[in-house]
């Protein structure tokens, strides 16, 4: 959950790097929260609230994706290439420092 909240705290930070763990934990928690919000809004017949959540996490989702591309030493524009960006998101990041910054620290 800390990874999810950390991405939301860095709302529009497109510089730097995001580790694989940070990226995939954000994706996991985002899917869980999206499902829960959608389910609850569906029960309450308020579908616009789910849309508000989706729009609220759009920029943080793009930002963490760009930082993930930076971790594998690629430009953030690579998120626009559908299958290749998934392969890059699964690839281990560059060891040490690259042109986008220092290696992200893993939380214990």
Tally up the residues in region 48-74 that are free of Cβ contacts under 8 Å to residues at least 24 places away in the same chain and either loosely packed, with under 11 Cβ neighbours inside 10 Å or closer than 11 Å to residue 23 by Cβ (or both), please. 5
Under the condition of being touching a residue at least 12 places away in the same chain (Cβ under 8 Å) and over 21 Å from residue 94 (Cβ atoms), which residue from region 1-27 is surrounded by the most Cβ atoms within 10 Å (Cβ to Cβ)? 4
Of everything in region 75-93, what is closer than 18 Å to residue 15 by Cβ, in contact (Cβ under 8 Å) with a residue 24 or more places away in the chain and surrounded by fewer than 19 Cβ atoms within 10 Å (Cβ to Cβ)? Give them in sequence order. 76
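Each value in this text was obtained by applying a stated rule to the coordinates, not by laboratory testing. In this text, all values refer to a predicted model and were calculated from it rather than measured experimentally. Ideal geometry is used to build each Cβ from the backbone, glycine not excepted, and the neighbour counts take in all protein chains shown.
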